Structures are given as structure tokens and as C-alpha cells.
Amino acid sequence: MKIKPPAIENIIEEAIKMLVHCVEENCRNDKPLILHSLRVGFVAMGLNFPRDVVVAGILHDLVEDTNCDFETIKRYFGHEVESLVKTLTQEHIEDYKKRWQVLLEKIKKKGKHAMIIKIIDANDNLTYIPLIKSKKSIKETLWKHHFLSEELRPFLSRNQTFRDYQNHLQSTEAKLENF
């Protein structure tokens with residue numbers, strides 16, 4: 001007897017396959033993108049977010065860091081996943097502050113699901129800050145995190161995931177001060 005997994009697991013498995021394929025084919029990011037993306041998606045799943053939010057969490061960095069495009073995501077996973085990934089993808093703007101301002105405006109406009117994915121993503125990204133070698137890059141990265149926190153606080157101040165992120169940001173900064 002063959003046991004058929006629920007449809008949500010099939011779709012999540014397909015998202016993981018696409019993630020691995022695209023990262024192995026071409027990845028423009030030094031962090032372990034597969035593990036990072038899986039953590040983002042699985043945290044969203046653990047918080048009981050809808051399937052499309054979980055899949056978007058898994059695929060959130062794909063267009064930014066690989067050769068995957070939005071049309072491919074839409075073809076395999078539908079308009080809502082594509083829309084969330086598009087919202088979470090940074091524009092090609094040279095100035096990092098302007099780029100983050102545009103990104104956060106898109107995220108706030110899209111709503112809570114985009115905000116939560118970004119907070120989960122940022123929380124996971126905090127673990128990589130101690131690996132950054134340049135003080136300038138650390139300063140820019142911390143600015144992004146503080147900007148994100150300030151911009152989303154009015155919407156998520158009572159959300160436990162957001163509060164966990166803020167605590168993680170504070171503890172990361174405290175560790176950096178000791179170096």
C-alpha cells in the first residue's frame with residue numbers, strides 16, 4: 001500500500017527541489033542559502049501560516065540570489081507565492097538605504113504575511129553578522145535591521161515572532177560590542 005502525503009507536503013517538497021536546483025546551478029550569496037531558506041519556510045510552517053506563505057518563505061531569496069525568475073515561480077507555485085517573493089525581493093538600487101526604504105514600503109503594502117516572512121528572514125540572518133569582516137558592512141547591516149524593526153513595529157509590536165527578532169537583534173549587538 002502506498003501512502004500519499006498531503007498536498008501541502010507535495011508542494012513544499014517541490015519548492016525545496018526548486019530551491020536546491022537553483023542554488024546548485026548558480027548562487028550569488030556566500031551564506032548557506034539552502035539551509036537559511038528552509039529555516040525561514042519551516043518557521044513559517046511552525047507558526048501555522050498558510051501553504052503559500054510557507055512556500056514563499058522557502059523561495060524568498062531565489063530571484064535575488066540565483067538565476068530563477070518570477071515567471072518560473074508563478075508557473076510552478078501560483079500568483080500568490082510569486083507576489084510574496086516579488087514583494088520580498090530587493091530592487092536594483094545602488095544606495096542601500098534607498099533600496100531598503102523601497103523594500104519596506106512594498107512589504108508594508110503587501111501586508112502581514114510579507115512582514116512576517118521578512119522578520120523570520122531577518123532573524124535568521126542575524127546569525128551571520130558575526131561572520132562579516134568589514135566594520136562598514138556590519139554598520140550597514142545593523143542599520144538595515146534597525147530600519148526594519150522601526151518600520152514594522154507599528155504593525156507587529158504585539159507579535160511574538162517580532163519580539164523574538166528584536167531580542168535577537170539586541171543580543172547580537174551586545175555580542176558585537178564585546179569584540
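The values are calculated or read from the model by the stated rules, or taken from the named source; none is laboratory data. The shown structure was predicted, so the numbers you read here are calculated from the model rather than taken from an experiment. Cβ: placed from backbone, ideal geometry, glycine included. Neighbour counts: every protein chain shown.
So Lys175 passes all but one of these: (1) over 16 Å from the mean Cα position of the chain (by Cα); (2) at positive phi. Which condition number does it fail?
Only one criterion in (1) over 16 Å from the mean Cα position of the chain (by Cα); (2) at positive phi is unmet by Lys175, namely (2).
Only residues that are touching a helix residue (DSSP H, G or I) at 6+ places or on another chain (Cβ under 6 Å) and in contact (Cβ under 8 Å) with a residue 40 or more places away in the chain: list them for region 13-39, please.
Ala15, Leu19, Cys22, Val23, Lys31, His36, Arg39
Taking region 119-165 as the search range and keeping residues that are closer than 20 Å to Pro32 by Cα and more than 17 Å from the chain's Cα centre (by Cα), which one is surrounded by the most Cβ atoms within 10 Å (Cβ to Cβ)?
Looking at residues that are closer than 20 Å to Pro32 by Cα and more than 17 Å from the chain's Cα centre (by Cα), I get Ile138.
Hey, among the residues in region 40-80 that are among the hydroxyl-bearing types (Ser, Thr, Tyr) and without any contact (Cβ under 8 Å) to a residue 60 or more places away in the chain, which one's nearest to His113 (Cα to Cα)?
In this case the residue turns out to be Thr72.
Inside region 112-151, can you point out the residues that are modelled with pLDDT under 95, of a type in the set (Gly, Ala, Ser) and in a helix (DSSP H, G or I)?
The answer is Ser137, and nothing else.
Quick one: which helices (runs of 4 or more DSSP H) lie wholly within region 1-111 and hold at least 1 residues that are within 20 Å of Thr161 (Cβ to Cβ) and not assigned by TED's automatic domain parsing to the domain that holds Lys136?
Because the criterion is at least 1 residues that are within 20 Å of Thr161 (Cβ to Cβ) and not assigned by TED's automatic domain parsing to the domain that holds Lys136, the helices (runs of 4 or more DSSP H) in region 1-111 that meet it are 7-25, 33-46, 51-59, 79-88.
Give the residues of region 155-176 that are in a helix (DSSP H, G or I), out of contact with any helix residue (DSSP H, G or I) (no Cβ under 9 Å at 6 or more places or on another chain) and not small (Gly, Ala, Ser), sorted by residue number. Steps first, answer last, please.
Kept after step one, since they are in a helix (DSSP H, G or I), are these residues of region 155-176: 155-156, 160-176.
Those still in the list that are out of contact with any helix residue (DSSP H, G or I) (no Cβ under 9 Å at 6 or more places or on another chain) too: 160, 167, 170, 174.
Result: Gln160, Asn167, Gln170.
For region 135-154, does any single residue satisfy the condition of being in contact with an Asp or Glu (Cβ under 9 Å, 6 or more places away or on another chain) and hydrophobic (A, V, I, L, M, F, W, C)?
Yes: one or more hits.
Does region 28-62 hold any residues that are among the charged types (D, E, K, R), surrounded by fewer than 19 Cβ atoms within 10 Å (Cβ to Cβ) and under 19 Å from Thr127 (Cβ atoms), and which are they?
Answer for region 28-62, where residues must be among the charged types (D, E, K, R), surrounded by fewer than 19 Cβ atoms within 10 Å (Cβ to Cβ) and under 19 Å from Thr127 (Cβ atoms): Asp30, Lys31, Arg39.
Looking at the structure I just gave you, is Asn29 of a type outside the set (D, E, K, R) and more than 16 Å from the chain's Cα centre (by Cα)?
Judged against the criteria, Asn29 is not a match.
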